[in-house]
Amino acid sequence: MSSTTSVRRAEKLRIIKILRALNYFYSLRDLEKILDIPFQSLWKYINFLGIPSDEVVEDIKNKLSEKKIIDELLYDIAKKYRDMPQHVARNIGFIELYSLVIEERLGEEEIDYVFSLSQEAIPLATAISIEMGCELCIPLVNRNIVEENVKILWYYSSTEQSIKYILIPRDCLHQHKKFFLVDLMINEKDKLSKIISILNMNDISVIGIATIYISKECIDLINKNKYPNLLYLYVI
């Protein structure tokens with residue numbers, strides 16, 4: 001199989017995944033109007049009973065880009081649930097769609113681990129790791145785990161005005177690895193600063209960070225560290 005054919009098939013599969021995710025929010029009749037494609041064909045695509053042609057794939061990509069359908073949909077959902085982020089974490093269509101956007105943005109970046117910075121972000125981090133084909137690192141919740149197996153990271157939560165901690169599995173902290181950090185909400189500057197510090201201490205490169213909600217001061221901290229990829233939907 002030629003590399004061109006492989007890329008073309010990968011792009012078609014990606015478009016099918018996008019259509020399946022959009023179908024959580026739009027009926028096939030609505031998508032028919034938006035994309036100007038018969039709903040019968042769309043039904044075949046999302047059920048893997050048909051494969052769109054090269055021309056159809058390009059047409060769908062152009063329409064999605066021109067109408068900013070995905071960007072506006074993700075932003076509207078993030079804005080709607082800004083006071084209830086846990087609802088976003090349970091929204092399968094949203095998770096699938098956002099993970100595909102992130103995967104496209106990262107392109108050919110080499111990533112060893114997708115690191116979820118919270119329990120709530122595990123669904124999104126899992127979806128991204130599947131799309132990127134890399135390992136997943138998640139924080140632990142059992143405080144009784146011996147310290148030989150975890151790194152306990154204490155930080156001050158400005159939102160809750162208390163001392164909190166995150167348990168990072170030590171088997172994730174391999175030197176010279178490339179990490180992509182994921183969370184639902186990044187608004188604790190002290191937590192982010194200490195995570196960055198421990199990754200730097202272990203010579204771990206941060207390829208980028210993705211979140212749904214983020215504070216301005218955390219954006220400034222990330223930009224100060226000059227990470228190449230920062231993706232977010234809503235500034236809080």
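The values are calculated or read from the model by the stated rules, or taken from the named source; none is laboratory data. This structure is a prediction, so every number in the text was calculated from the model and none was measured. Because the Cβ atoms are built from the backbone with ideal geometry, glycine has one as well, and the counts that use them run over all protein chains shown.
When GLU103, GLU58, GLU108 are screened for being under 24 Å from ARG9 (Cα atoms) and touching an Asp or Glu at 6+ places or on another chain (Cβ under 6 Å), only GLU103 passes.
Within the stretch 194-204, restricting attention to residues that are of a type in the set (S, T, N, Q) and loosely packed, with under 14 Cβ neighbours inside 10 Å, the residue that is farthest from GLU110 (Cα to Cα) is SER197. Looking only at the stretch 98-111, how many residues end up being crowded, with 19+ Cβ neighbours inside 10 Å and more than 9 Å from the chain's Cα centre (by Cα)? The total comes to 2. Filtering the stretch 186-236 down to residues that are more than 28 Å from ASP171 (Cβ to Cβ) and β-branched (Val, Ile, Thr), which residue is modelled with the lowest pLDDT? Taking the candidates together, the pick is ILE236. Pairing residues of the stretch 209-221 that are more than 15 Å from ILE196 (Cβ to Cβ) with residues that are among the basic types (Lys, Arg), at Cβ distances under 7 Å and at least 6 apart in sequence or on separate chains, gives TYR213/ARG82. All told, LYS216 meets the bar of being charged (D, E, K, R) and surrounded by fewer than 14 Cβ atoms within 10 Å (Cβ to Cβ). Looking across the stretch 219-231, the residues that are out of contact with any Asp or Glu (no Cβ under 9 Å at 6 or more places or on another chain) and either surrounded by fewer than 20 Cβ atoms within 10 Å (Cβ to Cβ) or part of a strand (DSSP E or B) (or both) come down to ILE219, ASP220, LEU221, ASN223, LYS224, ASN225, LYS226, TYR227, LEU230, LEU231.
The residue that is surrounded by the most Cβ atoms within 10 Å (Cβ to Cβ), counting only those in the stretch 17-71 that are aromatic (Phe, Trp, Tyr) and not in a helix (DSSP H, G or I), is TYR26.
Among the residues of the stretch 77-87, those that are farther than 15 Å from VAL235 by Cβ and part of a helix (DSSP H, G or I) comprise ILE77, LYS80, GLN86, HIS87.
Every residue, every condition in (1) buried (at least 17 other Cβ atoms within 10 Å of the Cβ); (2) farther than 24 Å from GLU135 by Cα; (3) among the aromatic types (Phe, Trp, Tyr), yes or no:
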{"site": "TRP154", "(1), (2), (3)": "no, yes, yes"}
{"site": "SER158", "(1), (2), (3)": "no, yes, no"}
{"site": "TYR165", "(1), (2), (3)": "no, no, yes"}
{"site": "LYS178", "(1), (2), (3)": "no, no, no"}
{"site": "VAL182", "(1), (2), (3)": "yes, no, no"}
{"site": "LYS189", "(1), (2), (3)": "no, yes, no"}
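Residue-by-condition table, conditions (1) free of Cβ contacts under 8 Å to residues at least 60 places away in the same chain; (2) in a loop (DSSP other than H, G, I, E, B); (3) over 13 Å from the mean Cα position of the chain (by Cα):
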position	(1), (2), (3)
VAL114	no, no, no
GLN119	yes, yes, yes
LEU124	no, no, no
ILE128	no, no, no
ILE152	yes, no, yes
GLU160	yes, yes, yes
ILE163	yes, no, yes
ILE166	yes, no, yes
HIS176	yes, yes, yes
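Here GLU58 passes the criteria (1) within 30 Å of LEU184 (Cα to Cα); (2) free of Cβ contacts under 8 Å to residues at least 12 places away in the same chain except the one numbered (1).
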